[in-house]
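These notes are about the structure you will find just below.
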Amino acid sequence: MISDEQLVRQTVSGDVESFNRLVERYHGMVFNLAYRMLGDTSEAEDATQEAFLEGFKSVKGFQFQSTFKTWLYRVSINTCQQYIRKAESRQRILSSYTENLADSQRTDSGPVRPDHHLLKSEREQIVQLAINDLPPKQRSVVTLFYMEHLKYREIAEILDCSEGTVASRLNTAISNLKTTLEKRL
């Protein structure tokens, strides 16, 4: 299998097919990250496409000081954060819609008795909404640590900050999530 470095060098030399191979290799990773950060499949698809477009435009500046995967995480995080800023009102509408949907499933005598799978799904949705409410920097750290299972060192490299900053953001995010989830659950 051809290495990421070789594909990047070929892309920089003008071989678009090499970048397409990188897209195929990392599409799932970028989409999963975008989905975890944005909480919506359609928005994640859009952000994934934007991240790869930005990556293609920026690949000539890749310095090989980190792995391509780390660099692509950084591009993807930045793209998602920009997308969040642009789509803030759409996120509020999505959250409101989801909450209204959950309310509409209740009866006057209490909640409808869903099976275990639906209850688990609802809890996951509530947690995802709470994550969506976090500021972008906290959301990035939570996503990379808990959903992508990266170490502090890797997250620090991706976000271009210190490991201490990662730990601080993660602690603040956990505190904020705890407060939010106590209100919702």
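Worth pointing out:
- Cα gyration tensor, the range 118-185 - rounded (a/c under 1.5), prolate or oblate: prolate
- For the range 1-54: rounded, prolate or oblate by the Cα gyration tensor [a/c cutoff 1.5]: prolate
Rule-based calculations on the coordinates, nothing more; no lab input. If you're wondering where the values come from, they're calculated on a predicted model, not measured in any experiment.
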